[in-house]
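One structure is given below, encoded as structure tokens.
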Amino acid sequence: MQAFKTHSGRVVALPRADVDTDQIIPKQFLKRIERTGFGPSLFFDWRYRPDGLPNPEFELNHPDAAGASVLVTGPNFGCGSSREHAPWALHDYGFRALIAPSFADIFYGNCCQNGLLPVVLQEGEVAELIRRAEASVGGYELNVDLIERTVSDTAGFAARFQMDSYRREMLLRGLDEIGRTLELEAGIAAFERHRSEPAVRGVS
Amino acid sequence: MMVPRTLFEKVWQSHVVTTRGAGTRDDPGPALLYVDLHLVHEVTSPQAFEGLRLAGRKVRRPELTVATVDHNVPTGDRRLPIADETAARQVATLVRNARETGIELFDLDAPDQGIVHVIGPELGLTQPGMVIVCGDSHTSTHGAFGALAFGIGTSEVEHVLATQCIVQNRPRTMEVRFSGVPAAGIAAKDLILALIRRIGIAGATGYVLEYTGEAIEGLSMEGRMTICNMSIEAGARAGMVAPDATTFAYLQSRPRTPRGEAWERAVSRWSSLRSDPGADHERSIRIDAAALAPQVTWGTNPAMAADITERVPDPADAASEADRLSYRRALEYMDLRPGTPLEGLRVDRVFLGSCTNGRIEDLRDAATMARGRNVAPGVRAMVVPGSQRVKTEAEREGLDRDFTEAGFEWRNPGCSMCLGMNEDILLPGERCASTSNRNFEGRQGKGGRTHLMSPAMAAAAAVEGCLVDVRGYIRS
Ligand code: SF4
């Protein structure tokens, strides 16, 4: 997995609550069998007009959002379907960090599996970031630092965030979780020996 | 004395292989949990198998994994090849992956094929006390049996394939008590929609819900599955119901449940799977099931629901500025005006099916409404059984004739218009009465407008051509 230590990049604000994974990547794009190539389909129904051209109203299509790599958005981002295609699409598009007051459970875990940092800030802090992004002319930049667990800009904004140490270490070092678990093979095998396991392949 | 434990704690604790991370009070770190049953479908698994292959890793316990095709399979004529090339490639990829790794697969023409959350329980693969995972958020369905069952991402699918374990932060628990006996015409779907409406679509984030109370005890397994299925729509990690006589009666003689003495032993083990008196849930909520009216959604998430007797709400009355904004957006998308009565709202399409309401009891409920009546002119209504077994049983009972004679389409099993990955989709602007679980923008087709409701309500809507209160429709 790609490590995440610190990242500085342009911000795009998507001030909406409860953005679900059906919006992040609609179902017609889930038929690929690769992990890559989802970027062009990110937010498809919002991003493009029916004639296929970019919808100028949509936040990501604003000139100041060109090349954005930090998404600031509303609460409960990533709710709905468990599709990991959602973080793949966000990452493929170029996002490295997501900032919101809260994330849906499965989505949060999926981001961590892909080196895409989900940052939970207070509602007021997120509102302030959205204000700053919308007020800026020519693009607004943020620094997201997982080592120090801070989010800051050059105009005085600074906030701290939490992340459990297991996930943080995985992201900081870009560790392979499967490899980490496989090192515990002896423990897993002992667990299997000492329990009465339910029969899955039955007597049919 | 033993500390009283919740149902969740009992299942969780018996599956912890070891703990990971800091292990401090503030930062306990996740647990490595053993997985008893891993279910796999074609959409969220190809990248996981590919990952294993690239790393030169093996499937650790192929006999604990079961695969089926459901999400993008056609529900029309099964003798024809899948017309959509990319969908065909995805199905073929699962077939190849299963064969290469020794995983049992229910392919398109298998008699046990069906939606992953329908076939697990009906084959008896799903059993009380298990930890069950699947790359699908509605894995919460299996919690109806007193299993701890939750959806995972594709990277985690790969992790489970390789290690038979999953790394999980310990969730908190919330008791949801449905007291009282629901009135005639009130279904499990109404109970769960009422809960989501009450606590919101993120109201249970970080929690496992344990459903208790008279109304839950009185439900069939199908009804309990409907409720656990939609736990995820309140943001919950999982939903659970303690196994009881109803559970055991459902499981007895299923193809994959134990027989004879082994069955007796299993039942006695399963009988201890209930929250001890005095066990603490971190939160609890009580809903009077006896007071509920049929629920329908009017907006673009499952919490945007109301009694069928109510009107489309006015965004001006919303509790907060954020709600006002999302209500306004939702009404615009749904093409609804505040104050319009929900009853009488015209529909173009009706969808009966999905892992929420595609089981035999759901079809029986709906058929009661359809029998001897006709689908309203201009309405297209389809019935998509949740599995081949459900379809066969329905045909044995003659439900298919009730539906087809009334003008419903009788189709082959799959997810179908629940998410519209195959050709079953809404056209832009079409309004649909649906028994599925998500009314998100575009979920059933770009520009399509979904109203969620129970099977009987959806069938009645097909006959009347509009949303109706099923209570005025029940035959004696
Ligand atoms: S029926 Fe719908 S919700 Fe259920 S597994 Fe299929 S797509 Fe998902």
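FYI, it's all coordinate maths here, none of it is from the lab. This structure is a prediction, so every number in the text was calculated from the model and none was measured. Glycine also receives a Cβ, built like all others from the backbone with ideal geometry; neighbour counts cover every protein chain displayed.
In chain A, the sites counted are trypsin sites (Lys or Arg not before Pro) in DSSP loop states with at most 16 other Cβ atoms within 10 Å, and the longest stretch holding none of them, exclusive of the sites, is A:6-148.
Dipole size of the stretch A:6-174 about its Cα centre, with +1 on Lys/Arg Cβ and -1 on Asp/Glu Cβ: approximately 420 debye, rounded to the nearest 20. Cβ crowding within 10 Å, taken as a proxy for footprinting-reagent exposure, orders A:H194, B:H159, B:H142 from fewest neighbours to most as A:H194, B:H159, B:H142.
Restricting the chymotrypsin sites (Phe, Trp or Tyr not before Pro) of the stretch B:311-373 to loop positions (DSSP other than H, G, I, E, B) with no more than 10 neighbouring Cβ atoms within 10 Å leaves nothing.
For the stretch B:1-102, the set of chymotrypsin sites (Phe, Trp or Tyr not before Pro) satisfying both a DSSP loop assignment and a count of at most 10 other C-beta atoms within 10 Å is empty.
Taking other C-beta atoms within 10 Å as the exposure proxy, B:V470, A:V120 rank A:V120, B:V470 from fewest upward. Annotation: the antiparallel percentage among DSSP beta bridges lying fully within the stretch A:6-174 is about 50.
Per-residue ellipticity at 222 nm, computed for the protein assembly as shown from helices alone with -39500 (n - 2.57) per DSSP H run of at least four residues, works out to -9000 deg cm²/dmol. Separation of the stretch A:117-192 and the stretch B:285-357, taken as the distance between their Cα centroids, equals 36 angstrom.
Lysines within cross-link reach of A:K31: Cα-Cα under 24 Å, excluding same-chain residues under 8 positions apart? Reachable lysines: B:K446.
Separation of the stretch B:262-277 and the stretch B:76-114, taken as the distance between their Cα centroids, equals 37 angstrom. Of the GluC sites (Glu not before Pro) found in the stretch B:253-299, those in coil by DSSP whose Cβ has at most 13 other Cβ atoms within 10 Å are B:E282. Within 10 Å, at most 16 other Cβ atoms, and a DSSP state outside H, G, I, E, B define an exposed site. Report the longest part of chain A free of exposed GluC sites (Glu not before Pro). The answer is A:58-147.
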